1. Can you give me the long-range amide H partners of Ala28? Hydrogens built in the peptide plane at 1.01 Å from N, cutoff under 5 Å, separation of 5 or more residues or another chain.
2. Step through the residues of the stretch 6-23 one at a time and calculate ³J(HN,Hα) from phi using the Karplus curve (6.51 cos²θ - 1.76 cosθ + 1.60, θ = phi - 60°), rounding each to whole Hz and writing x for Gly and Pro.
3. Determine how many Å³ per residue the convex hull of the Cα atoms of the stretch 211-359 encloses.
4. Please report, in Å, the Rg and the Dmax of the chain, where both are computed over Cα atoms only.
5. Taking 7 Å along the Cα-to-C-beta vector as the label spot, tell me the Thr343-Glu156 distance in nanometres, rounded to one decimal.
6. Measure up Lys283/Lys312; Lys274/Lys385; Lys10/Lys61 against 20 Å on the Cα-Cα distance and list the ones that go over.
7. Report the extension gain between Asp24 and Thr369 in nm, rounded to one decimal, defined as 0.36 nm multiplied by the number of residues separating them, less their alpha carbon distance.
8. Hey, what do the phi angles of the stretch 337-349 turn into as Karplus ³J(HN,Hα) couplings, whole Hz, using 6.51/-1.76/1.60 and θ = phi - 60°, x for Gly and Pro?
Amino acid sequence: MVEIAKGMQKYGLIDAGFNTIVLDDAWAEQTTDKAALTYDRKKFPSGISGLKADLKKINNKLKVGIYSDAGSMTCENYQPGSYGFEAAHIALFNEWGVDMLKYDYCNSQASTKVSYTQMGDVIAKLNEQRKAEGYIPFVFNICEWGKTQPWLWDAEAGGSRWRATSDAREDWMGNNSRPGVMAGVDEVRRLWMYAGVNRFNDLDMMCIGLHGLGGPSNNTAGHQVNGGKITGLTDAQARSQMSLWCMLASPLALTCDLRETPMGEANSGQTMPKPLITDADVKTLTNTEILAINQDVLGQQAEYMENLSTGKTNYSATGYDVYVKDLTDGRIAVSVTNRSTSTLNGPVLQLADLYLAADTKYTCREVWTKTENVVENPLNTGTLKACETKVYVLTPQTPTSILCLSDASSKKSSAYYDLSGRRVTKDHKGLTIHNGIKTVK
């Protein structure tokens with residue numbers, strides 16, 4: 001963990017915002033006794049608090065997250081879950097200085113809603129205490145893989161994010177059970193109205209920097225037919241994953257090995273590059289303009305513009321997809337993704353179709369090429385290379401202010417918002433939203 005943190009520091013990832021190292025399954029002593037849960041002293045001789053102290057020496061921004069399960073045992077059947085022991089385990093994690101919990105749903109002992117609400121209630125009480133003491137909130141990351149439509153209830157159960165897909169694989173397309181970049185996006189692209197401030201659809205970790213040699217490089221959708229060897233994502237596919245995760249306001253998590261001497265988990269017969277991460281990967285992950293879209297305080301998941309897209313069928317290897325995302329200060333982000341592995345002509349987008357005024361001039365900046373021009377109508381996206389995503393930020397040259405934040409930070413908030421974390425006027429950009437249904441006039 002310390003060597004990974006050194007890599008994060010070296011490549012500028014911490015300053016870019018990647019600031020939490022999360023321990024996954026098997027960090028604990030191997031036992032079935034929930035009352036005996038503690039860290040593995042061989043793996044963590046100074047304890048979890050000692051690990052945190054070591055990370056703080058590298059960069060004071062670093063935090064520690066931890067893993068548990070809403071069942072009898074964790075998914076690896078290695079250590080006990082936390083169901084029925086929520087208060088005791090959270091008190092332990094808090095004592096160790098942990099700031100986040102990823103909570104899985106293997107070996108379950110109750111329904112998802114019951115299981116996660118029990119943990120959410122405990123964390124809510126902890127956060128009341130933390131707030132009174134001036135500490136940052138403890139983050140609750142719910143992970144039941146989208147099986148019981150968590151976007152309908154998880155925020156009320158106390159989660160601020162929930163996995164909406166199966167475990168991500170290092171693949172461009174994939175399928176429902178082994179989602180690559182596009183399959184993962186397909187699973188959540190029509191769920192935009194359920195996401196917002198402190199309620200995010202989680203597309204799982206990004207596979208940027210693996211190059212066919214990481215854990216998610218195993219067991220991809222094509223793994224059984226390609227001899228067990230994959231090439232990983234191209235640079236264009238990696239940029240598209242970053243673009244789409246940011247447009248959809250997904251939490252950004254990495255799983256690449258940043259050590260000077262990395263250890264491969266897949267395709268073990270290949271020579272391991274030293275380092276595994278490339279300059280192109282670093283540029284993708286530290287692009288401040290795309291990160292700003294992900295971190296915009298309106299908290300919007302981009303709306304999938306189905307009527308403007310041609311890749312409407314899930315897991316389709318042809319066509320393009322258009323997304324629109326509201327940003328602060330009256331700006332919007334527009335992205336267009338080429339789903340295919342061939343070059344195609346992108347759409348010519350009328351500003352009115354993007355909820356913008358056709359008679360208004362906008363400064364238009366593309367975040368990857370960092371090119372800028374003025375558009376009035378239309379927005380011509382030009383040629384899209386294989387698997388390319390272009391992302392534009394459009395800023396009105398005459399400033400406007402339409403949106404304001406709602407207070408969706410508290411559990412079970414009753415603030416009026418459109419199920420995407422924002423307040424809206426009765427007539428917002430020529431549309432109304434009621435019960436998550438958008439009607440365009």
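1. HN-HN under 5 Å from Ala28: Asp40.
2. Couplings: 4, x, 4, 5, 4, 8, x, 6, 5, 5, 6, x, 7, 10, 10, 9, 9, 7 Hz.
3. Values: hull volume 20.2 nm³, N = 149.
Normalising the Cα hull of the stretch 211-359 by residue number yields 135 Å³.
4. Every Cα atom of the chain included, Rg and Dmax give 21.9, 67 Å.
5. 5.2
6. Details: Lys283/Lys312 30 Å; Lys274/Lys385 29 Å; Lys10/Lys61 14 Å.
Exceeds cut-off: Lys283/Lys312; Lys274/Lys385.
7. Values: separation 345, 0.36 × 345 = 124.20 nm, distance 3.61 nm.
Answer, rounded to one decimal: 120.6 nm.
8. Couplings: 10, 7, 6, 8, 9, 10, 5, 9, 7, x, x, 9, 9 Hz.
Readers should treat all values here as calculations from the given coordinates under stated rules, not as data from a laboratory. Worth saying up front: this structure is predicted, and the values here are computed from it rather than measured. All Cβ positions, glycine included, derive from the backbone under ideal geometry; neighbour counts span all protein chains shown.
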